[in-house]
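Read-outs throughout are calculated quantities, based only on the coordinates presented, and are distinct from any laboratory measurement. Since the model is a prediction, treat every value here as computed from it, not as a measurement. Ideal geometry is used to build each Cβ from the backbone, glycine not excepted, and the neighbour counts take in all protein chains shown.
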Amino acid sequence: MDKMEGSFAVEDMQNVQINIGEIVKEVEEWDQPMGPFPCPSIATLRDWDFKLINRYRVFYSPICDRCTLCTYGPCDLTRSRGACGLDQAAQQGRIVLLAVLMGCTAHCAHGRHLYHWTLEKFGDLPFKMGEEILVDAPLTRTVTGTKPKTLKEFGPVLSYIEEEVAQLLACTHTGQEGNYRDFESKALHAGMLDSLGKEVSDMIQIIAYDMPRGDEDAPLVECGMGTLDKDKAILITYGHNLAGSAEAMFYAEDNNLWGKVDIGGVCCTAIDNTRIGEGLGYPEEINTKYRMVGTKAKIAGAMGWWRKMVEADVMDCVMVDEQCVYTNALQECQEKKVPLISPRRSSRSTPSPAPTATPASSSVPPTSR
Ligand code: SF4
C-alpha cells in the first residue's frame, strides 16, 4: 500500500498512547519575506531603542527620591547609590518600566480572559475583518510575523506577550538591571507588547461580539446620565471588559426586558456595549438572536463621572469588571444601598475577609540609609 508523505500506519499495537504536539503549518501565504525579528525578545531591538532614545530625549519628572522596593531599604538616592548599587537615574527608569508593565499586564490579562471566555462561549471563530479593512491585525503581523485565521490563533500571540512580561518584570527585581538606558529600552519593549495586547483584545471582542469593522455608518449613541430613563431599573456596567455586561444585555433581550431596564456603561465597557451585534453578521448566535442589540445600551459616562453618578443616585444595580474601577466602589454602593455585582476576581471591589489576627510586627527595624 502506498503511503502519503507525513502519514504513518499503526498495526498490531495495543495500549499505545500517542500525543500530538503543535501542528505547524508548512506554508504561510505571505507576499513578502519574513522580517529579521519575529517575536523580538528584550535585547533584540535594544540598539534601535537606543537610537530612538538619543533622538527623542527621555524626560523624567521624579515623584520620589527614595527606593523602598526591597527590604535592604528604604534607600535615599539623592546623594548616594542604594544598598544594592542602584543610582537615582536607574531607579527612575525602573519605576517607569514598572508603570508600563502595569498597563501592559492589565490589557494583556483582559485579552487572555476574553480569549478563554469567547472560545468557551462561541467556540473557535474565523477571523474576518471584512472588505473595508485592507490589513487586519497589523501589530500582530508586524511583531510576530503571523496572520491569525481564527480566534484560537491569537493564543500564541498572548503567550508571547506573557513570556516577555515575565522576563521584563524579573528585570525590576533587586540585583538585576542597573543601567537607566537599558531600563528605558525595556520600557519601550513593554510599550510595544502593551499595544500588541490591546490589539489582540480588540480583535477578539470585535469578532466574537460582531462589532462594526471599517463601517462609516456604524450607529451613533448619545452619551450622559440624561440618557438613562429613571422610570426603568438602571444597571450600570463599569470597567473595560464587556463579557459580563454583554451577558446582562443578552438576558434583557432574551426576556424582553428593555421596556423595564436601562443598561448604561461607564468607561470603556460603555463604548463596547454599544458595538455588539452591529458588524458583518457572524457569529450566527449574535446575528440571529442579538442583531443590533448594542443600540439598546446607553453610554452613562466616563470614569471621571462615577462619583457624580453615585451622588446623583441614578443607579439601581452596578456590575463592575476590570480596570479603572474606583476601588471603593463597593463601600460607596453599600452607603447608597445599591447592589454591586463583581464577576471578576481581579476587581478589588469585592469585600475583603475580616482579619483573624493582628499582624505580627517585625522585631528588626528597617535600615535607614
Ligand atoms: S537596596 Fe536597591 S532595591 Fe532595595 S530599597 Fe535600596 S535601592 Fe531599592
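Ordering 92-100, 327-335 by mean Cβ neighbour count within 10 Å, with the highest value first, yields 92-100, 327-335. Exceedance of the 22 Å cut-off in Cα-Cα distance is limited, within the set 128/298; 128/289; 232/336; 232/298; 152/186; 232/308, to 128/298; 152/186.
Once C-alpha pairs closer than 8 Å and six or more residues apart are averaged by separation and normalised to the residue number of the chain, the relative contact order reads 16 percent. Shape of region 225-341 from the C-alpha gyration tensor: prolate (a/c of 1.5 or more and a/b above b/c, with a ≥ b ≥ c the square roots of its eigenvalues). Computed about its Cα centre, the charge dipole of the chain is approximately 1740 debye, with only Lys, Arg, Asp and Glu carrying charge at their Cβ.
With a Förster radius of 41 Å, plug the Cβ-Cβ distance of residue 152 and residue 63 into 1/(1 + (r/R0)^6) and report the FRET value to the nearest 0.05. Efficiency for this residue pair is about 0.45. In the chain the longest region clear of chymotrypsin sites (Phe, Trp or Tyr not before Pro) that are loop-assigned by DSSP and have at most 14 other C-beta atoms within 10 Å covers 61-369. Legend: calculated FRET efficiency, residue 173 to residue 116, from the Cβ-Cβ distance at R0 = 35 Å, rounded to 0.05, equals 0.75. For region 46-208, the calculated P(r), taken from all Cα-Cα distances in 5 Å bins from zero up to the bin holding the longest distance, is 1, 8, 16, 17, 15, 12, 10, 8, 6, 4, 2, 0, 0 percent. Counted by Cβ distance under 12 Å from residue 234, the other residues give a net charge of -1, where Lys and Arg count +1 and Asp and Glu count -1. Distance from the Cα centroid of region 280-319 to that of region 45-118 is 36 Å (rounded to whole angstrom).
Sorted on the mean count of surrounding Cβ atoms within 10 Å across their residues, most packed first, peptides 267-273, 200-206 read 267-273, 200-206. You can think of it this way: the chain between residue 341 and residue 220 has 40.7 nm of extra reach, that is 0.36 nm per residue less the Cα-Cα gap.
Between the beta carbons of residue 295 and residue 166, assuming R0 = 41 Å, the FRET efficiency works out to 0.50 to the nearest 0.05.
Note on the chain: antiparallel DSSP beta bridges, both residues inside, total approximately 15 percent of the bridges counted. Using only the Cα atoms of region 153-284, build the gyration tensor, take square roots of its eigenvalues as a ≥ b ≥ c, and label the shape rounded, prolate or oblate: rounded if a/c is under 1.5, else prolate if a/b is larger than b/c, else oblate. Prolate is the answer for region 153-284, as a/c is 1.5 or above and a/b outweighs b/c. Using a simple spin-label model with pseudo-atoms 7 Å out from Cα toward Cβ, residue 132 and residue 258 lie 2.1 nm apart. A crude spin-label estimate for the pair residue 53 and residue 284, with each label 7 Å from Cα along the Cβ direction, gives 5.4 nm.
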